[in-house]
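Since the structure comes first, as structure tokens, the remarks are kept for the end.
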Protein chains: 2
Amino acid sequence: MTHQDEAFLADWAVHSRFGAVPGTSGVDRQAASIADGEQRAWFARLLESHGFTVARDAIGNQFGLLELVPGAPYAVTGSHLDSQPTAGRFDGAYGVLASAHACFRVAEELRVDPTRARFNLAIVNWFNEEGSRFKPSMMGSSVFTGKMALADALATRDSQGVSVREALDALGERGDLDGLDVASYAEIHVQQGRSMEEDGVTIGLVEATWAAHKFDFRVTGAQAHSGSALMADRRDALLGAARLVVAARELVDDFAEGELHTACGELNVYPNSPVVVASEVQLLLDLRSPSAEVIARAHASLMRTIERVQRDDRVEIEIVSEHSWDQNPYPEAGVELALQVADDLGLARDRVMTVAGHDSTNMKDRVPTVMLFVPSVDGISHNLDEYTRDEDLVAGVDHLTGVVRRLAAGDLVADAGDAREREEARPI
Amino acid sequence: MTHQDEAFLADWAVHSRFGAVPGTSGVDRQAASIADGEQRAWFARLLESHGFTVARDAIGNQFGLLELVPGAPYAVTGSHLDSQPTAGRFDGAYGVLASAHACFRVAEELRVDPTRARFNLAIVNWFNEEGSRFKPSMMGSSVFTGKMALADALATRDSQGVSVREALDALGERGDLDGLDVASYAEIHVQQGRSMEEDGVTIGLVEATWAAHKFDFRVTGAQAHSGSALMADRRDALLGAARLVVAARELVDDFAEGELHTACGELNVYPNSPVVVASEVQLLLDLRSPSAEVIARAHASLMRTIERVQRDDRVEIEIVSEHSWDQNPYPEAGVELALQVADDLGLARDRVMTVAGHDSTNMKDRVPTVMLFVPSVDGISHNLDEYTRDEDLVAGVDHLTGVVRRLAAGDLVADAGDAREREEARPI
């Protein structure tokens, strides 16, 4: 362990325990919660103690800025501090602190030799990546990149009726930073899968996101007394929804192992009373695969199931909304840059795909982007027991430092001085 | 239509629209809601305008009392004014207003000829029969009959954290009536089934409650990323719960039509996030049948399904609580009394069973009890479209008036003057 590694792990010990769930190694730190606010305040002080200026934009994205080249765009690196309810302490939070330490190291180097800096440095903590309290996920980076309207995001309410605007204002976390001139972006994250651990890979070079098709279904039946109504008279929305949940799981068995992932994680019942047959159930169901062809076949099969459930159980199943994407590549130049950095450092690396979305999914559509993984023990994620070993954490910081060093020097950006290029790179 | 019928229907038009759901003929008037409080206030004024004294006990049961025989016990009749969220306007509310008008009519007769009164008259509006906002159902009559501790009931909280005590106090609906010396009890309700309508029966003489076995299940799995976790690694609590919901419905097909009713009306998912495999689902599931043997066979089959789901889906299924009852008869003397009243009035009548529970289920274990039904069009219940025809409503009031007349005269009570009998009859 170097002195730098120890400094990182010391900060990590504090950083990763905001919103700690007693008796576990995990956290409950949903977006704009009290715990999120406490961590943001601590993180701001950490950034300032290393000479970075803290700023927030109108959707609560938190930035640490260091201007080395007056007026130049920024090489940005970051992730998110919010968590799912009762989740692991690594997801997102590791990427933010790794970004901070990578920038601290590169900043020290550039202060010694300012001629090596082509871009300024920024660390970002994106607001509400998880989307558990406020939907949709990746809200902060979506607004930043213009994919979601600020007003819509601020008006989004949680299940208690609290809006994003109210929750951020309660923490003083809405600011006046009006966009940032971004040259390039890097993000590091725990894998949330087990392939790297199994293959002995320390640095995952993320080359693509799995294809996905996500549904928001509404199943409609009719309220009835759950005891006295004749079974033949019932139109049970929860029964219809349960059949979809089971069908989604059974779809997986039609394909080779690992070809298709399906899930329903959220399901809401109305009126949800023990003596009332449900009249409406809303559920979110998704299909994911590295193969668009597999998704298409699974989609067709699911539609046939829907027809059958509608007919047999006398319910209506409506697709309230759906969105899908094909296998979505990360820019090859970023993968190559990360590969060279890993080889320079002698770190075991391999190309991997990500099943989950990340804020980099938004950023890569706007600026040259690098997405990195470190291993996750047993692939456990969105779970209090999520774990990544210290040696992998510090290797990830070392690697990200190498990436940030190159991004700050202008790598990945064809002509860093070209005004048109910079204009396109300005996300909002 | 007699003048008395018109008086009832005029009050009914007002009474049944508290908590009206705009654009529908139904109501949303959960226990101790604002609408419940408004209706209680209106109902108190109605009772007082007919010379009854309004009193409330410590769990918010609302009584209209008329003392005709100083110190004598009370012939009590009533039902409940609370509703499921978005429900019909007849369930419970009809029984309370029918009880009031029956007592108004009998009171007029007894004021003319006081020698015919052996007991005093009481109308009751039981608190929280539905159990949708505060669990369990039949809370008011359970506390009144000593089946549930007052302190436990008052401490019960709704999903927003509001306690029964707080909700009742906000309406000023907790009182100091300390029990009531009850001689006998009558209740009238809409059938919530279609058999009376199909058979041309106006008055249902309820002779028994179906047998039932009710489960509160907890399905436990493990949180995981709903996209990236390998399917084989998942322990999906919502999948396990969905399999139980489907299995409960499929159980019905193992029996002859009408032999078994099953339902799951309430299901809660944790953490209920679109990108997290659920770690815990709580669901309420019940089996109902007129036959204890059918319940036993269905129960055994369900237990086999649970074993299979636990094994195949790698989840744990725990029975948090369960309660069951055999076919539960109403006292035969009450059925006979109601039959005679129907025959005297020339009303088509038949013996029926109730699938649903009623407050009379509590009262019949303590005092002589009569339970009556009027028809329900298409058996629609716990639904905004619940409907009973005016002619059936007024026939029910006529019939209940005959029943109350006999109860006030001392019918069903072996020796109305026996102090020991009265002591046993004092519910709290």
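Looking at A:Arg29, A:Arg45, can you tell me which residue is under 20 Å from the mean Cα position of the chain (by Cα) and in the same structural domain as A:Gly334 (by TED's automatic domain parsing)? Can you show your working first?
On the way: A:Arg45 fails: under 20 Å from the mean Cα position of the chain (by Cα).
Residue meeting the stated conditions: A:Arg29.
For a quick check of your reading of the model, give me the residue pairs whose first member lies in region A:293-314 and is among the β-branched types (Val, Ile, Thr), whose second is not in a helix (DSSP H, G or I), with beta-carbon atoms closer than 6 Å and at least 6 apart or on different chains.
A:Val294/A:Phe255; A:Val294/A:Glu259; A:Val294/A:Leu260; A:Ile295/A:Ala211; A:Ile295/A:His213; A:Ile295/A:Leu287; A:Ile295/A:Ser289; A:Ile306/A:Ile317
Taking the condition part of a strand (DSSP E or B), in contact with a helix residue (DSSP H, G or I) (Cβ under 9 Å, 6 or more places away or on another chain), within 8 Å of another protein chain (Cβ to nearest Cβ) and touching a residue at least 24 places away in the same chain (Cβ under 8 Å), does B:Arg288 pass? Steps first, please.
Working: part of a strand (DSSP E or B): yes; in contact with a helix residue (DSSP H, G or I) (Cβ under 9 Å, 6 or more places away or on another chain): yes; within 8 Å of another protein chain (Cβ to nearest Cβ): yes; touching a residue at least 24 places away in the same chain (Cβ under 8 Å): yes.
Considered against the rule, which asks whether it is part of a strand (DSSP E or B), in contact with a helix residue (DSSP H, G or I) (Cβ under 9 Å, 6 or more places away or on another chain), within 8 Å of another protein chain (Cβ to nearest Cβ) and touching a residue at least 24 places away in the same chain (Cβ under 8 Å), B:Arg288 comes out as yes.
Find the residue count for region B:244-257, including only residues that are within 7 Å of another protein chain (Cβ to nearest Cβ) and touching a strand residue (DSSP E or B) at 6+ places or on another chain (Cβ under 9 Å).
The number of residues fulfilling the criteria is 3.
Which of the residues spanning region A:269-285 are within 7 Å of chain B (Cβ to nearest Cβ) and under 22 Å from the mean Cα position of the chain (by Cα)? I'd like the intermediate steps shown before the answer.
Keep residues of region A:269-285 that are within 7 Å of chain B (Cβ to nearest Cβ), which gives A:269, A:271-278, A:284.
Answer for region A:269-285, where residues must be within 7 Å of chain B (Cβ to nearest Cβ) and under 22 Å from the mean Cα position of the chain (by Cα): just A:Leu284.
Conditions (1) more than 7 Å from chain A (Cβ to nearest Cβ); (2) surrounded by 24 or more Cβ atoms within 10 Å (Cβ to Cβ); (3) among the hydroxyl-bearing types (Ser, Thr, Tyr); (4) closer than 30 Å to B:Gln327 by Cβ, marked per residue:
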{"residue": "B:Leu205", "(1), (2), (3), (4)": "yes, no, no, yes"}
{"residue": "B:Thr209", "(1), (2), (3), (4)": "yes, yes, yes, yes"}
{"residue": "B:Phe217", "(1), (2), (3), (4)": "yes, no, no, yes"}
{"residue": "B:Gln223", "(1), (2), (3), (4)": "no, yes, no, no"}
{"residue": "B:Ser226", "(1), (2), (3), (4)": "no, yes, yes, no"}
{"residue": "B:Asp233", "(1), (2), (3), (4)": "no, no, no, no"}
{"residue": "B:Asp236", "(1), (2), (3), (4)": "yes, yes, no, no"}
{"residue": "B:Gly240", "(1), (2), (3), (4)": "yes, yes, no, no"}
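Scan A:Ala256, A:Ala232, A:Ala300, A:Ala241 and give me the residue that is more than 22 Å from A:Gly131 (Cα to Cα), assigned to a loop (DSSP other than H, G, I, E, B) and among the hydrophobic types (A, V, I, L, M, F, W, C). Break it down into steps so the answer makes sense when it comes.
Working: A:Ala232 fails: assigned to a loop (DSSP other than H, G, I, E, B); A:Ala300 fails: assigned to a loop (DSSP other than H, G, I, E, B); A:Ala241 fails: assigned to a loop (DSSP other than H, G, I, E, B).
On inspection, the qualifying residue turns out to be A:Ala256.
Scan region B:336-358 for residues that are farther than 19 Å from B:Glu391 by Cα, crowded, with 20+ Cβ neighbours inside 10 Å and away from chain A (no Cβ under 14 Å) and report the count.
1
Specify the residue that is surrounded by the fewest Cβ atoms within 10 Å (Cβ to Cβ); the eligible residues are those in region A:266-284 that are touching a His at 6+ places or on another chain (Cβ under 9 Å) and not hydroxyl-bearing (Ser, Thr, Tyr).
Filtering region A:266-284 for residues that are touching a His at 6+ places or on another chain (Cβ under 9 Å) and not hydroxyl-bearing (Ser, Thr, Tyr), the one surrounded by the fewest Cβ atoms within 10 Å (Cβ to Cβ) comes out as A:Pro271.
Can you tell me how many residues within region B:261-296 are under 24 Å from A:Ala31 (Cα atoms) and in contact with a strand residue (DSSP E or B) (Cβ under 7 Å, 6 or more places away or on another chain)? Lay out the reasoning, then the answer.
Step one: list which residues in region B:261-296 are under 24 Å from A:Ala31 (Cα atoms), which gives B:268-281.
Still in the running and in contact with a strand residue (DSSP E or B) (Cβ under 7 Å, 6 or more places away or on another chain): B:268-270, B:272-281.
Here the count works out to 13.
Yes or no: region B:99-106 includes at least one residue that is under 16 Å from the mean Cα position of the chain (by Cα) and at pLDDT 95 or above. Don't jump to the end; show me each part of the working.
Looking only at region B:99-106, we keep the residues that are under 16 Å from the mean Cα position of the chain (by Cα), and these are B:99.
Going one step further and asking which of them are at pLDDT 95 or above, we end up with B:99.
Yes, that holds for at least one residue.
Being in the same structural domain as A:Phe373 (by TED's automatic domain parsing), out of contact with any helix residue (DSSP H, G or I) (no Cβ under 7 Å at 6 or more places or on another chain) and assigned to a helix (DSSP H, G or I), is that true of even one residue in region A:177-184? Talk me through it step by step, then tell me what you get.
Residues of region A:177-184 that are in the same structural domain as A:Phe373 (by TED's automatic domain parsing), as a first pass: A:177-184.
Still in the list and also out of contact with any helix residue (DSSP H, G or I) (no Cβ under 7 Å at 6 or more places or on another chain): A:177-180.
Restricting the remaining residues to those that are assigned to a helix (DSSP H, G or I) gives none.
Among the residues of region A:177-184, not one is in the same structural domain as A:Phe373 (by TED's automatic domain parsing), out of contact with any helix residue (DSSP H, G or I) (no Cβ under 7 Å at 6 or more places or on another chain) and assigned to a helix (DSSP H, G or I), which makes the answer no.
How many residues, within region B:359-392, are at the interface with chain A (Cβ under 9 Å from one of its Cβ atoms) and assigned to a helix (DSSP H, G or I)?
Within region B:359-392, residues that are at the interface with chain A (Cβ under 9 Å from one of its Cβ atoms) and assigned to a helix (DSSP H, G or I) number 2.
Can B:Gly78 be described as more than 14 Å from every other protein chain (Cβ to nearest Cβ) and either closer than 30 Å to A:Ser273 by Cβ or among the charged types (D, E, K, R) (or both)?
Working: more than 14 Å from every other protein chain (Cβ to nearest Cβ): yes; either closer than 30 Å to A:Ser273 by Cβ or among the charged types (D, E, K, R) (or both): yes.
Judged against the criteria, B:Gly78 is a match.
For region A:303-330, what are the residues that are modelled with pLDDT of 95 or more and in a loop (DSSP other than H, G, I, E, B)?
A:Arg314, A:Val315, A:Tyr330
For the condition within 14 Å of chain B (Cβ to nearest Cβ) and more than 24 Å from A:Gly379 (Cα to Cα), what is the one hit in A:Ser25, A:Ser33, A:Ser83? Break it down stepwise before answering.
On the way: A:Ser25 fails: more than 24 Å from A:Gly379 (Cα to Cα); A:Ser83 fails: more than 24 Å from A:Gly379 (Cα to Cα).
After applying the criteria, what remains is A:Ser33.
This table checks each residue for (1) assigned to a loop (DSSP other than H, G, I, E, B); (2) modelled with pLDDT under 95; (3) surrounded by 24 or more Cβ atoms within 10 Å (Cβ to Cβ).
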site: A:Leu46; (1), (2), (3): no, no, no
site: A:Gly51; (1), (2), (3): yes, no, no
site: A:Arg56; (1), (2), (3): no, no, no
site: A:Gly60; (1), (2), (3): yes, no, yes
site: A:Leu65; (1), (2), (3): no, no, no
site: A:Ala75; (1), (2), (3): no, no, yes
site: A:Gly78; (1), (2), (3): no, no, yes
site: A:Ser83; (1), (2), (3): yes, no, yes
site: A:Arg89; (1), (2), (3): yes, no, yes
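The values are calculated or read from the model by the stated rules, or taken from the named source; none is laboratory data. Bear in mind the structure is a predicted one, so any value in this text is a computation, not a measurement. A quick note on method: Cβ atoms are made from the backbone with ideal geometry, for glycine too, and the neighbour counts reach across all protein chains shown.
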